[in-house]
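The values are calculated or read from the model by the stated rules, or taken from the named source; none is laboratory data. Remember, it's a predicted structure, so these values are computed and weren't measured experimentally. FYI the Cβ positions are ideal-geometry reconstructions off the backbone, even for glycines, and counts take in every protein chain you see. Calculation scope for accessible area: heavy atoms of the full protein, side chains included, ligands and nucleic acids excluded. Shrake-Rupley method; radii C 1.70, N 1.55, O 1.52, S 1.80 Å.
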Amino acid sequence: MSRTAVPAQERATREPRVATPRRLLMCRPQHFDVTYSINPWMDPRKPSDAGLALLQWERLRELYLSLGHTVEVIEPDPAFPDMVFAANGATVVDGKVLGARFRHVERTGEGPAYFQWFLRNGYRDVLWPEHINEGEGDYLTVGRRLLAGTGFRTDPRSHAEAQEFFGLPVTGLTLVNPNFYHLDTALSVLSDDEIMYYPAAFSPGSLAVLRELFPDAVTASDEDAAAFGLNAFSDGRHVVLPQAATGLADQLKRRGFEPIGVDIAELLKAGGSVKCCTLELRDR
Ligand code: ARG
């Protein structure tokens with residue numbers, strides 16, 4: 001039987017969006033600080049407030065719990081002020097864990113710290129990677145496919161390593177704007193077949209690939225992208241995103257999603273937001 005694709009906009013008015021409960025890993029920003037600069041958002045001369053970061057992070061964790069998700073936490077290490085960005089710690093699909101190997105020396109110790117957490121928590125199908133990859137910062141799962149960023153952090157050779165390990169198609173995408181240095185700053189997965197993204201963050205060829213795969217994706221304005229609106233977490237119904245990304249929130253509402261704006265601005269001083277703080281444990 002052939003089935004004509006229903007545009008997302010129309011689908012919103014027909015079927016209610018269904019949230020599925022997720023298991024998430026987060027890391028308290030107890031030692032949060034901006035002491036070095038490895039992306040254009042980080043300026044160590046500007047003051048940052050670990051207390052405020054902690055408060056904003058707690059609210060995000062409580063929001064996830066109130067939405068019915070499970071949140072695991074990993075112990076923060078004072079040596080790593082960026083460890084709050086749990087998304088970078090690994091990629092977990094079907095219960096398989098691909099460890100993270102960081103590009104910058106300031107963060108390299110985080111890879112083993114996260115990997116150990118998985119070993120301690122009973123994960124057995126694990127791979128310590130050969131190539132640099134910054135976890136879910138650059139690997140986003142859409143249905144049974146992975147979208148994989150490169151250009152700033154993750155080595156493109158990692159994409160083949162991930163495809164072989166997970167046994168799922170991996171589609172490489174090249175980022176070209178240093179403000180959007182991880183895939184999860186420029187693209188967000190909304191459901192098993194829908195995404196939103198910032199076109200100007202991608203190379204022409206990668207943009208063409210996105211248009212081919214997701215012709216009716218939501219696209220973000222310069223303002224919403226700069227507010228880190230794409231650094232969002234979706235459970236299929238609720239989309240948690242920085243509250244300043246109001247244009248994206250309106251577009252999501254029109255598609256039947258329930259956007260929930262949060263204030264997590266302190267972490268933006270390190271170049272991270274909602275999704276960066278959230279690693280999804282996709283267990284089998
Ligand atoms: N300061 C961190 C870095 O530059 C921020 C990481 C943000 N994480 C993310 N998943 N985009 O590495």
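A few comments on the model shown:
- Some residue of region 56-71 being within 15 Å of the ligand (Cβ to nearest atom), under 13 Å from I264 (Cβ atoms) and in a loop (DSSP other than H, G, I, E, B): no
- With respect to (1) surrounded by 15 or more Cβ atoms within 10 Å (Cβ to Cβ); (2) modelled with pLDDT of 95 or more, the lone exception for A12 is condition (2).
- Only listed residue being open to solvent by 50 Å² or more (accessible area, probe 1.4 Å) and in contact with a His (Cβ under 9 Å, 6 or more places away or on another chain), chosen from D138, D77: D77
- A90 small (G, A, S) and away from the ligand (no atom under 16 Å from the Cβ): no
- Checking A200 against (1) more than 20 Å from G95 (Cα to Cα); (2) in contact with a strand residue (DSSP E or B) (Cβ under 8 Å, 6 or more places away or on another chain), the condition it does not meet: (2)
- Any hit, region 142-164, residues being in a strand (DSSP E or B) and open to solvent by 60 Å² or more (accessible area, probe 1.4 Å): yes
- Counting only strands (runs of 3 or more DSSP E) wholly contained in region 181-272, the ones carrying 3 or more residues that are more than 16 Å from the ligand (Cβ to nearest atom) and surrounded by fewer than 20 Cβ atoms within 10 Å (Cβ to Cβ) occupy 258-262.
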